[in-house]
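Below is one structure, written out as structure tokens; the observations come after it.
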Ligand SMILES: *Cc1c(COP(=O)(O)O)cnc(C)c1O
């Protein structure tokens with residue numbers, strides 16, 4: 001049989017009838033421990049921190065979604081990041097982008113640092129800068145995001161992998177914004193993919209979870225060891241919710257992307273908008289690269305208002321369908337102001353230098369009707 005499409009595979013893997021009862025949906029194995037036949041002799045599972053049957057179904061779906069040999073599920077995206085950093089030792093150096101997720105920035109500067117891991121933030125999308133950084137210091141891992149948050153800058157995945165391989169270091173990417181559906185970094189030779197499953201993979205804003213995927217069987221054994229030894233593992237009930245969410249990944253992602261493009265195009269033509277950031281727009285400087293490495297443009301749209309701090313606040317508190325909240329990737333549309341919300345901890349000078357001004361708004365476009373979303377933005381823009 002030819003390779004099935006991901007839409008088919010995710011429904012298939014998420015509904016294998018239980019051999020004992022025929023239940024079509026994977027049971028929630030809410031059990032911490034499993035009976036042993038003799039001391040040390042057990043069937044597939046012995047203790048839920050190590051592995052659990054419900055988690056195992058989810059991990060199979062995660063691997064299929066990312067074209068990965070191996071996938072591990074975690075209690076949060078940060079737990080997944082910590083597991084990848086668990087491969088490093090004191091003295092190892094990490095090179096990363098200068099506009100990465102705030103939580104990853106905090107992890108590097110407050111956690112990895114105390115464990116003796118060194119790091120530097122560079123303009124990672126520039127080949128000469130990356131090459132310069134890697135030739136100065138012996139680097140163990142390049143950590144990057146594409147698109148970045150909240151500015152939706154793209155990094156050429158193929159370029160980062162090529163340069164990192166030359167210098168013999170690992171590559172790891174936070175693929176949260178595209179979800180496994182629109183971007184498959186392992187296909188470009190990236191060593192480790194990480195997701196905040198909290199966002200698109202689960203897609204319903206009702207769990208905090210994370211994932212790591214890899215094709216490297218050598219490192220997988222160590223990752224699995226770290227996962228069990230550190231213990232940031234997820235509950236069987238959360239796994240059940242994520243299984244249910246992932247069955248509709250394709251349907252949701254296509255709806256997010258279709259709506260996001262409509263909203264972005266509409267915003268571009270509005271008099272109160274200074275600039276729209278969305279890789280699907282032909283006017284985006286990243287449009288060609290987006291078409292090369294993504295199969296869709298995603299559901300995140302950022303834009304600059306022609307407004308000061310107060311005007312921006314009136315807009316953000318004036319929407320009815322868009323909820324003012326951090327996070328992203330759920331079926332419902334969310335809106336936020338990076339300068340005061342998601343990127344508040346970034347020093348003001350750094351924030352403004354990279355382009356995160358008070359008038360920047362980030363929207364997670366949901367799967368509601370696009371015309372309703374546009375009408376909501378229209379009436380809120382009138383309040384500026
Ligand atoms: C939310 C997020 C994380 C952290 O994930 P949690 O599930 O909140 O721990 C990491 N990276 C990106 C890009 C995110 O959006």
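Of all DSSP-defined beta bridges confined to region 124-276, some 40% are antiparallel rather than parallel.
Neighbour counts of other Cβ atoms within 10 Å put 25, 239 in the fewest-to-most order 25, 239. Across 86, 250, 132, mean-square fluctuation computed from a Gaussian network of the chain (C-alpha pairs under 10 Å connected) peaks at 132.
Using only Cα atoms and rounding to the nearest 10 degrees, what angle (0 to 90) does helix 236-246 make with the longest principal axis of the chain? Tilt of helix 236-246: around 50 degrees. In terms of its C-alpha gyration tensor, region 64-184 has a rounded overall shape, because the principal axis ratio a/c (a ≥ b ≥ c, square roots of the eigenvalues) stays below 1.5. The antiparallel fraction among DSSP beta bridges confined to region 250-381 stands at about 85%. Here 266, 170 are placed in order of increasing Cβ neighbour count within 10 Å, fewest first, which gives 266, 170. Principal-axis analysis of the Cα atoms of the chain puts helix 249-268 at an angle of about 10° to the longest axis. The alpha carbon gyration tensor of the chain gives principal lengths a ≥ b ≥ c with a/c of 1.5 or higher and a/b no greater than b/c, which makes the shape oblate.
When each of the peptides 141-148, 101-108 is scored by the mean number of other C-beta atoms lying within 10 Å of its residues, the order from highest to lowest reads 141-148, 101-108. Counted over the chain, the DSSP beta bridges are approximately 55% antiparallel. Highest mean first, the peptides 321-334, 116-129 sorted by other C-beta atoms within 10 Å per residue fall in the order 321-334, 116-129. Centroid-to-centroid, using Cα positions, region 276-298 and region 177-213 are 19 Å apart.
Counting only alpha carbon atoms, the long axis of helix 217-230 and the longest principal axis of the chain meet at about 90°. From least to most packed, judged by other beta carbons within 10 angstrom and beginning with the fewest, 154, 305 follow the order 154, 305.
Throughout, read-outs are computed from the coordinates displayed, never taken from laboratory work. Only a predicted model underlies this, so the values are computations on that prediction, with no experimental measurement involved. Neighbour counts run over all protein chains shown; Cβ positions are idealised from the backbone, glycine included.
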